[in-house]
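J.: My questions all concern the structure below.
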Amino acid sequence: MSPKEWESLPMDPDPEDDLGYEPLELDVVSAESNGKHQLLFLPADEDALRADAFIVASDSAVCDVRDCR
């Protein structure tokens, strides 16, 4: 997407219609590694998991969007 296209989007773009994102159902798994608490966001669809569609994040990097406005 060019800067001009990006600037033409509404302030609150629709993720699917305006940005072309496809929603993905994720399962959240809490884990500990080397004494650090981490969250793993794994796709519910196994085929997506095999395609490396997952996120590993430290606890401090994740917030509930309702609390982070």
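J.: Between the DSSP loop rule and a limit of at most 11 other Cβ atoms within 10 Å, which GluC sites (Glu not before Pro) in the range 1-53 are left?
T.: 16, 25
J.: May I ask for the Kirkwood hydrodynamic radius of the chain, worked out over all distinct Cα pairs and given in angstroms to one decimal?
T.: Over the chain, the inverse of the mean reciprocal pair distance is 14.7 Å.
J.: Further question on the same structure: Below 8 Å, C-alpha to C-alpha, sequence gap of six or more: please give me the relative contact order for the chain in percent.
T.: Reported relative contact order: 19 percent.
J.: Could you give the size of the charge dipole of the chain about its Cα centre, using +1 on the Cβ of each K and R and -1 on the Cβ of each D and E, expressed in debye and rounded to the nearest 20?
T.: 440 debye
J.: Let me ask another. Please name whichever of 33, 10, 20 sits farthest to the positive end of the charge dipole of the chain, dipole taken about the Cα centre and charges placed at Cβ: Lys and Arg +1, Asp and Glu -1.
T.: Of the candidates, 33 comes out farthest on the positive side.
Values quoted throughout were computed directly from the atomic coordinates according to the rules given, and no laboratory measurement underlies them. Quick caveat: nothing in here was measured; it's all calculated off a predicted structure. Methodologically, a virtual Cβ is constructed for each residue, glycine included, from the backbone with ideal geometry; neighbour enumeration extends over all protein chains shown.
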